[in-house]
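Student: Take this structure, written in structure tokens, and hold onto it; I'll ask about it next.
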Amino acid sequence: MIFAVTFAGAAAIGSDARVAQVKAICCHESIGSPLPSVVAAANRSLETQLTVAESKASEPEDDLMEMRDGIPLFGSQNTTTATVPPSAVAAPAAAPAPAATIPPIAAAIPPLTAAIPPVAATVPPIAAAPPPAAAPSPAAGGSAAAPAARRVDRLLAHAVERGASDVHLHSGAPLIFRLNGRLTEVDPAPLPTATARQMIEEVLTLEQRQALAERGQVDFAYDLPGLGRFRANAFRQQRGVDAVFRAIAPRPPTLAELGLPDSLARLTDFHQGIVLITGPAGCGKSSTLAALVRILNETRHEHIITIEDPIEFIHRSALCVVNQRQVGRHSGSFARALRASMREDPDIIAIGELRDLETISLAITAAETGHLVLATLHTNNAIRTINRILGVFPPNLQEQVRTTLSESVRAVVSQRLVPRADGAGRVVALEILIATKAVANLIRENKTFQIRSVLQTGAAHGMVQLDGSLADLVRRGVVTRTEALLHAEDPQKIPA
């Protein structure tokens, strides 16, 4: 049996020899129960030892302790040991102390093997680790599957061969290509939901899959070396997961390749201000913007920053230094990237889309502070473009914005893609507004409705009205009158 008071006193001395002495005194094997006299004698002995140790510890003598790695150790040869007379042990016990309150030493101090697990239990054998998997070779858009396993690649290659502008991959619906502006079924058999999901997930990175799961849609760019790039959007709908891919040429186009007049190259002569490329969705605004950036890249020695969602045409630095930033990947939003670009020493800023008030405000500010800004906007003609920009601002700011816009706008190009009469693709119809002094005054005085008359009489300045462009295409037999009427502002101006 052990007494807590006695064992605690021995531990305070800090020596194994003293602990052994106290155990010999308090736990004599020949006695069935501890004696009160033994306890008293042991306590007196320990008090004596503690008093001697404390008095000697205050004296700087080398024979009282040894130093080992800076830790003092009591020397057993200089320690005074108290002994208990044998007569004190022989007295009988009056009443045994309850044994249940004091645990044995073995129970109080766990064995070392229980505290430290064996090495084999914590370190798995090397043979148990699986061999590393072969790393995939994703395309530029990012993919978790090897290119040879992607069924989407074969589908996109087939679409490019047929001249499709868009590929529709829908769960529970047939595969669809957009050919010359019209949707065409490739296979009437519906695509199984599980198959559509697998095909889409093959071309998504882990981050894009997480975005699709959290937000329900994700924009991304997918690159097929030797074939081209694709602007894509994956989204969830009631039948499953769908995706639409827009084909992008492997290099920026020229004005001639797009069928645009050479006179548009004059828009790259400006060194400050804002040039707007507008039109409905799918009318080639991004291609026209890329063609203008290509001209600037090949003719100037300046710094170009593009802000897109996602990056479409890849512009290699020629005479200019070109930096392309993608919203969501390189910056949180158009506005954030545009605000940061003001401190990146740009000369030219190309914005993929003016989406909101903050982006439009920053674009006008950039144009006003000496930068050339090229941007796209989803509007149908030049007059609606001006009104759209003014309309996003609160009424109390519109007068100030009208003045600023009248001084910074340089040109507005609105375009349409109209199917050709021979079925060999589509041709562009344009409306071009050049910001002359007359146009600037109409914007400042809030008389944008009179801009139409300026377009009619501004041919000498390179202005073109949309109805006039459509009428010219009909007279030359490039498009049919029926198609032209679908895009005309005033049907009476389209010849029979």
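Student: Mind listing P(r) for the range 255-493? All alpha-carbon pairs, 5 Å bins, whole percents.
Tutor: Calculated P(r), rounded to whole percents: 1, 6, 14, 18, 20, 16, 12, 8, 3, 1, 0.
Student: What FRET efficiency, computed as 1/(1 + (r/R0)^6) with R0 = 56 Å and r the Cβ-Cβ distance, is obtained for THR457 and ILE314, rounded to the nearest 0.05?
Tutor: After rounding to 0.05, the efficiency reads 0.85.
Student: I've got another one for you. What is the Rg over Rh value, at two decimals, for the range 139-252, using alpha-carbon atoms and the Kirkwood definition of Rh?
Tutor: 0.93
Student: Calculate how many DSSP beta bridges within the range 255-493 are antiparallel, expressed in % of all such bridges and rounded to the nearest 5.
Tutor: 30
Student: State the extension gain, in nm to one decimal, for the chain segment bounded by GLN238 and GLU399, taking 0.36 nm per residue of separation less the distance between their alpha-carbons.
Tutor: Answer, rounded to one decimal: 53.4 nm.
Student: Okay, next question. Would you work out if the range 208-359 is rounded, prolate or oblate? Take a ≥ b ≥ c from the square roots of the eigenvalues of the alpha-carbon gyration tensor; rounded if a/c is under 1.5, else prolate when a/b is larger than b/c, oblate otherwise.
Tutor: Prolate, because a/c is 1.5 or more and a/b exceeds b/c.
Student: Tell me, what is the FRET efficiency for ARG182 and ARG209 to the nearest 0.05, using R0 = 30 angstrom and their Cβ-Cβ distance as r?
Tutor: 0.40
Student: Which order, highest average first, do 331-339, 240-248 follow once you tally other Cβ atoms within 10 Å for each residue and take the mean per peptide?
Tutor: The densest-packed peptide leads the list: 240-248, 331-339.
Student: Then there is this: Mind checking the full-extension length gain between GLU344 and ALA256? Use 0.36 nm per residue of separation minus the Cα-Cα distance, one decimal, nm.
Tutor: 28.4 nm
Student: Can I ask one more? If the label point is 7 Å along Cα→Cβ of ALA496, which residues in the range 445-483 have backbone nitrogen under 11 Å from it?
Tutor: none
Student: At 7 Å along the Cα-to-beta-carbon direction for both SER263 and GLU161, put a label point, then send me their distance in nm to one decimal.
Tutor: In this crude spin-label approximation the distance works out to 4.2 nm.
Student: Let me ask something else about it. From the square roots a ≥ b ≥ c of the eigenvalues of the alpha-carbon gyration tensor of the range 309-410, which class results: rounded (a/c under 1.5), prolate (a/b over b/c), or oblate?
Tutor: prolate
Read the figures in this text as sums done on the coordinates, not as results from a lab. Note that the structure is predicted; figures quoted are calculated from it, not measured. Methodologically, a virtual Cβ is constructed for each residue, glycine included, from the backbone with ideal geometry; neighbour enumeration extends over all protein chains shown.
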